[in-house]
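Only one structure is covered here, and it is reproduced in the block below.
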Amino acid sequence: MSGHATTLFAIGLTLAAYVGMRRLYLRYKHPLLNVVALGAGLIITVLVVLGIPYSAYVPAKDIMTSLLGPATVGLAVPLYRHRGLLVRFGPAILGSVALGALLAMLTAGAIAQLGGLPKDVVMSIMPKGVTIPFAVEIARICGGIPALTAAFVVATGTLGSLIGGWLLTLARIQNPMARGLALGTVSHGQGTATALMEGEQQGAMAGLAMILAGIFTAGFAPLVAWFLGMMG
Amino acid sequence: MTQTLKALGQLAILWAIYQGSTWLAKATGLPIPGNVLGVLALFGLLCLGVLKLSHVELAADFLLKHLVFFFMSIAVGLMEWGSVFYNYGAVLLAAIVVSAVVPLLLVGCVAQVMYRRRA
């Protein structure tokens, strides 16, 4: 295939994988039916079978992600819609989310560092608690690898949405606001989807926590990266 | 048709904010991603009343509904990094599990205590 034909094929393949996996998820709503993981897995399989190298997929990726920046800026819309919650519970929300975001980065980064992982892998795992567009950019600034970060983000989100609710119940955390904040801070969009299934209040809090965790993580990242550098 | 045009106009607003924020991040050399600054900028503009929700929500809601689409093509990049999981699987798993469970419980506890104190 020529370059343009491959790019067109890759875009078609990605759209088909997205539509198919989204339909599957919406039908069963199970956390393991993750659209990103299954969709990317399907695309990689097709590319490998057809002998198309990743470098031939990159132009298609660049075209398709050109709207990711404006889409991410759009996260301010749900944040603004829920500003009433921020005004009412400001200290509880900001305090717990900031603490959670910092701790997630420190534990992930420290274990990776002590476990002897190369620096670029450590920097890729450090921001994995937040939604992909933030995590990827934070990793890039700190010297991480975007694709690895995306994988760690999805793994964390899947874990959080699989066992997060159960763990919170086990720890007797019943307050809907606290449950939503915990799920959104630790497992971003996937945790938010789980929280929404528990209830509207949990979902709203998780959505807020997800965006705020992204902002806090971006702010803390240079400090945590410096700290991890001192450790190694 | 008018809805589509309206959404495209709103997309242009989001795009302009994103480009402006990315430029600002680069120009100032701040170690903060442009998209994070962009969220803060749009939130600020909405709070100040410079922009109204109706100026951006059509495009923003559509893009956010399909946000996951953009992630898929980024994750395809894993094609080149399979060996990392093969070589460091156990450490990666430990890092991901511990850094999910500990903050989850901490955030839940702190938020619950702060909520009760306030109530």
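FYI, it's all coordinate maths here, none of it is from the lab. Treat the numbers as computed from the prediction; the structure is a model and nothing was measured. Note that each Cβ is placed from the backbone with ideal geometry, even for glycine, and that neighbours are counted across all protein chains shown.
To test your reading of the geometry: what angle, between 0 and 90 degrees and rounded to tens, separates the Cα axis of helix A:3-28 from the longest principal axis of chain A? Computed tilt is about 40 degrees. Please state the Cα pair-distance histogram of the stretch A:167-206 with 5 angstrom bins from zero: what percent is in each bin? Taking all Cα pairs of the stretch A:167-206, the binned fractions are 7, 33, 36, 21, 3 percent.
Dividing the C-alpha radius of gyration of the stretch A:1-124 by 2.2 N^0.38 Å, with N its residue count, gives 1.44.
Expressed in units of 2.2 N^0.38 Å, where N is the residue count, the Cα radius of gyration of the stretch A:3-66 is 1.16.
Using only helices, what value at 222 nm comes out for the protein assembly as shown when you add -39,500 (n - 2.57) per DSSP H run of length 4 or more and divide by the total residues, to the nearest 500 deg cm²/dmol?
-28500 deg cm²/dmol
Footprinting exposure proxy ranking of A:Met126, B:Met114, fewest other C-beta atoms within 10 angstrom first, gives B:Met114, A:Met126. Legend: mean number of C-beta atoms from other chains within 10 angstrom of residue C-beta atoms, peptide A:30-40, equals 3. Averaged over the residues of A:180-186, the number of partner chain Cβ atoms lying within 10 Å of the residue Cβ comes to 6. In plain terms, the C-alpha convex hull of the stretch B:5-119 casts an average shadow of 11.8 nm² when viewed from every direction.
Note: the stretch A:76-231, Cα convex hull, 102 Å³ per residue.
Of the residues A:Thr169, A:Thr149, the one with the fewest other Cβ atoms within 10 Å heads the list, and the complete ranking is A:Thr169, A:Thr149. The ranking of A:Asp62, A:Asp120 by Cβ neighbour count inside 10 Å, starting from the fewest, reads A:Asp62, A:Asp120. With everything on Cα atoms, drop me the angle between helix B:53-65 and the longest principal axis of chain B, reported from 0 to 90° to the nearest 10. Helix B:53-65 sits roughly 40 degrees off the main axis of chain B.
For the segment A:156-168, counting C-beta atoms of other chains within 10 Å of every residue's C-beta and taking the mean gives 3. Overall shape of the protein assembly as shown was characterised from the C-alpha gyration tensor. The equivalent ellipsoid obtained from it has semi-axes of 29, 26, 20 Å, in decreasing order.
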